[in-house]
There are 2 protein chains.
Amino acid sequence: MAYTHDDQLAINTIRTLAVDAIAKAKSGHPGAPLGMAPVAHVLFSRILKFNPKNPQWLNRDRFVLSNGHGCMLLYGMLHLAGYAVSMEDIQHFRQIDSLTPGHPEANHTPGVEVTTGPLGQGIAKAVGLAMAEAHSAAVFNKGNLDVFSNYTYCFVGDGCLMEGVASEACSLAGHLQLGCLIVVTFCEDVLKRYEAYGWHTQTVADGNNDLPGIEAALRTAQKETSKPSIIALKTTIGYGSLLQGTSAVHGAALQADDIAQLKAKFGFDPHASFAVPQQAYDLYKAVAVHGAKAEEAWATLFENYAARYAREAADIKRRVAKELPAGWETHLPSFTPSASAPAVASRKMSENVLAAVADVVPELVGGSADLTTPNLTRWKDAVDFQAPASGLGSYAGRYIRYGVREHAMGAIMNGLGAYGTILPFAGTFLIFVSYAAPAVRLSALSCVRAIWVATHDSIGQGEDGATHQPIETLAHFRALPNCMVWRPADANETSAAYAAALSARKTPSIIVLTRQDLPPLAGTALSKASKGGYVLLEADKADLTLVSTGSEVALCVDTAAYLSDKHGLVVRIVSLPCFDVFDRQPRDYKLQVLPDGIPSLSVEVLATNGWERYTHEQFGLDRFGASAPYKDLYKKFDFTVQGVAKRALATVDFWKKMPGIVSPVNRAFNQNNLI
Amino acid sequence: MAYTHDDQLAINTIRTLAVDAIAKAKSGHPGAPLGMAPVAHVLFSRILKFNPKNPQWLNRDRFVLSNGHGCMLLYGMLHLAGYAVSMEDIQHFRQIDSLTPGHPEANHTPGVEVTTGPLGQGIAKAVGLAMAEAHSAAVFNKGNLDVFSNYTYCFVGDGCLMEGVASEACSLAGHLQLGCLIVVTFCEDVLKRYEAYGWHTQTVADGNNDLPGIEAALRTAQKETSKPSIIALKTTIGYGSLLQGTSAVHGAALQADDIAQLKAKFGFDPHASFAVPQQAYDLYKAVAVHGAKAEEAWATLFENYAARYAREAADIKRRVAKELPAGWETHLPSFTPSASAPAVASRKMSENVLAAVADVVPELVGGSADLTTPNLTRWKDAVDFQAPASGLGSYAGRYIRYGVREHAMGAIMNGLGAYGTILPFAGTFLIFVSYAAPAVRLSALSCVRAIWVATHDSIGQGEDGATHQPIETLAHFRALPNCMVWRPADANETSAAYAAALSARKTPSIIVLTRQDLPPLAGTALSKASKGGYVLLEADKADLTLVSTGSEVALCVDTAAYLSDKHGLVVRIVSLPCFDVFDRQPRDYKLQVLPDGIPSLSVEVLATNGWERYTHEQFGLDRFGASAPYKDLYKKFDFTVQGVAKRALATVDFWKKMPGIVSPVNRAFNQNNLI
């Protein structure tokens, strides 16, 4: 179908809307929308399969604007295309509580698939979305009933492609032969690199005007099913502005005279703002009708599918609703500890949980960044997620071999989680979760239920030494809003951590696990640990509360016995596997766990920062670790019964002399209980 | 010179030493040393310019083992080559307090240039070392007096090359045409990608045996002066082991029978451990003599240089000693604030400091990850660090255009700082320092004085929205050992931050700065701020202490006036720009700043985690931000005089009823004052 004047009008509408919104906000990035409007129009009007009336249609094509700073392009498209983004929303671009924030945020604006802006994250999420489609299609499609057949389209600028996370994700996408992924970029000099990654590459010489050429390239990319595609468009940044082609047009509103000449050049009234010609709306109305019909056809297909494959259809619906299978939690291992039970590493307990729930929770799809063996993340009989042609597995496989690509792994989890049918998890050493810090942050911000299986969680790591031993890592992620950090002390607490992580619909989790064996503990239970913190050992008229997590809880138990024996002290013990969950308990409960009148000492072989919220005194490791067998390290750093006892006695002596002992959780107000 | 039986003996010695040390430690990675011993031997015996008796010789070639888990290769080489790594050290591989930790650590083992192990960091540091050499040569070499002429060699495995940080660093190295950088790798399939980065590539087909071929490739790489070089060697992981060529030989000690057959195969006594044939020592003695002569020749050259260029020679010596120029600190801006002074953003204050010290501290070399304009990191008249052939600058330039490569920027700073003549700084938005978290950690661990200029430090960022507004970032880096985080409130505190950062010899700094303007403050001074925390406003019989940092200090001043006016409350104000420095003050001083008996409230628009160490109550932002003009955001989140006052009143009311008010810094013990 030939392109007409109306197409050009729609393109120029997208441009002037962006320019006007940015001018009104006095803030934003006009360069990208001006240059990218033509390809955006071709994609949305001719290629993209979507129904603006149902942004959650399962088999819609996904669109990711990786260069999220160009979001006025996206908001303009969503408005024109008929999504619930009104002209008023456009006019409140970047204003308080608007639908149109400064970068696109998922779970905030209808039609925005994933949160982008921090560079490189969007394209990596697009890889995740494409992997999710490939997996869902392989698992669910039957005969000619292709329930899942969507493409993932991604626009990406040179900034994103310079980021390491993009390199990691795109080299993995090439390896995985993700034919349903189509990327459009504006920098030509990357094509040789993408060829090396195993991608299909094309160039469109005039991305400003050659609409048929753009469409042809997109259709060619669709037909390339054995490789991801990248199309380099030669466009002019800030096209139409007096500053076009310069960096001055990248990140600041255009001047009034520049806007006036731009509008005149595009045939718009230089004095009118936020003008949308009726022809542009009409064009997109037709597109929306086409999209609604496509969804209807799919719905019919899905009905046929459900008639023949009721179990699968129900499974799809359940997954999309983020509901876990009924009774799944009964499969979580629980234990009645006995003193004669063998010592077990919590990474091994984690493996037991994964083995127990893998069959029951089929949406659980994950892997490791080249540390499968030490992470213990791969259950028996798992099939690798690999391109069928590779001979290494299949797209129906649920175990992802990420390679040494932690950051991409985190960002890809955000794409996998956003697709709707997958609950992603990923393993690496705790210290290397920091490689993915920006992706973990976006999981939390955009409410993706991603689960990190983070093993080797302290100096207990041992011989690998200081480079591999976390110190600050938990303080970091405990401070991240909407992120659960679990450091379980035994098998029951490990089950509690997974129970919380799997059932949290809008919160990512980091489950922190030991390499070294942990002795059995008495007094733990899944139900207790599920409160984030609880009294492991109660005592009347206690002299002290010891508070701890993970591998140090057993040390506290031994120290309490020693202090009783040798010093006649009465010691309570609190296990605090998840600060975030404990913080959300009622005040009374928290004060019951950490009461006034009793001094408290925390024991954790990590940075003490943040522990002052719960205890009066802290014993931790505010220095880097070292290389040696872990028992030698615990001794070196005084994490022994004697070392803890020494600090416990100092705590008791010191607080005896104080005028009063107020529990650290007894406070005038807190962030969860705002005044 | 032909290779003889002694060369093969030396190679096999390297192999058996590694195998024995790993077996004794029951821990380590034998695969890499077995496969890489030939190229290591060729490099150390024929190519590398070094003097084991002086590992600090300024013009030595730098060697980086990026796959740091193969460190027994490096320790074995250092031992053979005559560095101060004894046989006893080798035998204590990975043991407590040994010179031979599980991954190579700079500032720990003589001959280890940079800390490696976290994958991808080593090669990025190698890029930094090569940049430092190119810069030093361009600045100091005169006529035929090449004071700086060393190469940087780096061994790198496939794991490192999958990491995004390696992609970022290597694409920058290609752009910068760093001819003095020579990388040896063991994976062939990356060469096409490295060609795309602009590198010179070669392959050696038999990396196990073709010693002349390896040498020839290294010499060809030396001659390629306009591009960095990468040489792919086909080697066999675990060469000689029964498990050779399999992943089983990567990361676990070999079995006894495997070790015996391997030794027999290599002509060693299967029953002897840690055997070093005298011929191997003798071979390397000759190498060491050659190296010592090379250093002598260089010393003579340097004497001639010093005779003709006394100022430059003195400058080199001063830089290497990490001494700043005499009187440099008098150039730091200082201010006597007046109420009529204009409001200024602290990023602008930072620009003023950089402008003031740029000429005085010529070793200050840095740049930004594509945010030069908003970071305000480039002083007037700065010259860009670019390959001369690019026409964009020169290697003598001190301003680095990193591109959107935050992680590589952080890792490259570690290389720049390790070279000896450069004091590196780098700018980005605070939120994006998290992209470089693993590199920041290694700055701290290996004591590199790297300075982050981290602007846009909070919701004060404004319209860019939640994706760009830090919440958890300061809690993270404040918990990192040996890292100063400065959040200055005005120009005097900004000078104090730079004074500390520039003069810290072994500690990295993150200077956290606002985008938005800050009103002038009374009572600040560089000398006070240099203590990390101080009383900005003292008051007798105070009802409350408000404690704050950066942009919220002025808000506390206004709130104190309001509380006095409207509620008759007496309020003290404490500014706490750097927790880490304050923590190191004497207990008495800390208690003077934060005394017993007065309740305290902290005010900072970031995560509250960690503030409990200093205050009884915290007002912060334990949720994500939003997109709007910053004044609207401060209002939305209640960071107004009324919002702070409300919490201040709640604090005073609450603590009145408590039995006693113990200062949070009055504790039984702390990590700096261990019992």
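The values are calculated or read from the model by the stated rules, or taken from the named source; none is laboratory data. Small disclaimer: the values here were computed from a predicted structure and weren't measured. Methodologically, a virtual Cβ is constructed for each residue, glycine included, from the backbone with ideal geometry; neighbour enumeration extends over all protein chains shown. Heads up: the accessible areas ignore ligands, DNA and RNA and are worked out on the full protein's heavy atoms, side chains in. Shrake-Rupley method; radii C 1.70, N 1.55, O 1.52, S 1.80 Å.
When chain B is described by a simple charge dipole with +1 on each Lys and Arg Cβ and -1 on each Asp and Glu Cβ, the residue from B:Val641, B:Ile96, B:Gly620 located farthest towards its positive end is B:Val641.
Reachable aspartates and glutamates from B:Lys142, Cα under 17 Å, same-chain residues fewer than 8 places away excluded? Straight-distance partners of B:Lys142: B:Glu133, B:Glu303, B:Glu312, B:Asp315.
Within a 10 angstrom radius of each residue's Cβ in A:374-386, how many Cβ atoms of other chains show up on average? Whole number is fine.
Values: counts 1, 0, 0, 0, 0, 0, 0, 0, 0, 0, 0, 0, 0.
Per residue, the average neighbour count from other chains is 0.
With the Cα gyration tensor of segment A:548-615 giving a ≥ b ≥ c as the square roots of its eigenvalues, does the rule (a/c under 1.5 for rounded; else a/b larger than b/c for prolate; else oblate) give rounded, prolate or oblate?
On the way: a/c = 2.13, a/b = 1.40, b/c = 1.52.
Oblate shape, in that a/c is at least 1.5 and b/c is the bigger or equal ratio.
Distance from the A-onto-B rotation axis is smallest for the Cβ of the chain A residue given, in whole Å, as A:Gly164, 1.
Rounded to the nearest 5, what % of the DSSP beta bridges within the protein assembly as shown are antiparallel ones?
Numbers: 14 of 120 bridges.
Bridges in the protein assembly as shown that DSSP calls antiparallel: roughly 10 percent.
Does the protein assembly as shown come out rounded, prolate or oblate by the C-alpha gyration tensor, with a ≥ b ≥ c the root eigenvalues, rounded set by a/c under 1.5 and, if not, prolate when a/b is larger than b/c and oblate if not? Mind dumping the intermediate values first?
Values: a/c = 1.21, a/b = 1.05, b/c = 1.15.
Because its axes are fairly even, with a/c under 1.5, the protein assembly as shown counts as rounded.
Which whole number gives the average, over all residues in B:479-486, of C-beta atoms from other chains lying within 10 Å of the residue C-beta? Spell out each step's value before the answer.
Details: counts 15, 9, 9, 3, 1, 0, 0, 0.
Partner Cβ neighbours, averaged per residue: 5.
Against chain B, whose longest principal axis comes from its Cα atoms, helix B:121-140 is set at around 90 degrees. Of the residues A:Cys187, A:Thr467, A:Leu233, the one whose Cα sits farthest toward the positive end of the charge dipole of chain A, with +1 on the Cβ of Lys and Arg and -1 on the Cβ of Asp and Glu, is A:Thr467.
Sorted largest first, the principal axis extents computed over the alpha-carbon atoms of segment A:1-116 equal 41, 33, 23 Å. Helical content of chain B, expressed as a calculated mean residue ellipticity at 222 nm, amounts to -12500 deg cm²/dmol (DSSP H runs of 4 or more residues, -39,500 (n - 2.57) each, divided by residue number, nearest 500).
Suppose every Lys and Arg Cβ carries +1 and every Asp and Glu Cβ carries -1, with no other charges. What dipole size does segment A:532-656 come out with about its Cα centre, to the nearest 20 debye? Could the numbers behind the result be given before it?
Working: 14 positive and 17 negative charges, 37 e Å.
With Lys and Arg at +1 and Asp and Glu at -1, about 180 debye.
Considering only the label points, 7 Å along Cα→Cβ from Cα, what distances in nm to one decimal separate A:Asp189 from the same position in each other copy, shortest first? A:Asp189 label point versus its equivalents elsewhere: 2.7 nm.
Since only A:Ile123, A:Gly159, A:Ile259 are under comparison, the one whose Cα sits farthest along the positive direction of the charge dipole of segment A:5-294, derived from C-beta charges on Lys, Arg, Asp and Glu, is A:Ile123.
P(r) tail, chain A: Cα-Cα pairs separated by more than 40 Å, 38% of all pairs. Looking at chain B, the accessible area is 32 square angstrom per residue; that uses a 1.4 Å probe and ignores ligands, DNA and RNA.
Peptide B:400-413 has a mean shielding of 3, counted as Cβ atoms of other protein chains within 10 Å of each residue's Cβ.
For the peptides B:183-194, B:255-266, the ranking by mean Cβ contacts within 10 Å, running from highest to lowest, is B:183-194, B:255-266. For chain B, the longest principal axis of the Cα atoms and the long axis of helix B:491-503 meet at an angle of about 20 degrees.
Just to confirm the number: angle between the C-alpha axis of helix B:5-25 and the first principal axis of chain B, 0 to 90 degrees, nearest 10? Between helix and principal axis, roughly 40 degrees.
Classify segment A:544-675 from the C-alpha gyration tensor, please: rounded if a/c falls under 1.5, else prolate or oblate depending on whether a/b exceeds b/c. Provide the component values of the computation, followed by the final result.
On the way: a/c = 2.02, a/b = 1.37, b/c = 1.48.
Cα axes put segment A:544-675 in the oblate bin.
Highest mean first, what order results for B:658-668, B:101-111 on Cβ atoms within 10 Å? All intermediate terms of the calculation are to be shown ahead of the outcome.
Values: B:658-668: 18.2, B:101-111: 22.8.
Order by mean packing, descending: B:101-111, B:658-668.
A point 7 Å from Cα along Cα→Cβ stands in for B:Lys380, and the other copies hold the same point at 7.5 nm, listed in rising order.
Put simply, when B:115-124, B:8-17 are sorted by average Cβ atoms within 10 angstrom per residue, most first, you get B:115-124, B:8-17. Summary for A:Thr225: label point 7 Å along Cα→Cβ; distances to the equivalent points in the other copies, ascending, 5.6 nm. Of all lysines in the structure, those lying under 19 Å Cα to Cα from B:Lys285, and not within fewer than 8 positions of it along the same chain, are B:Lys49, B:Lys53, B:Lys293.
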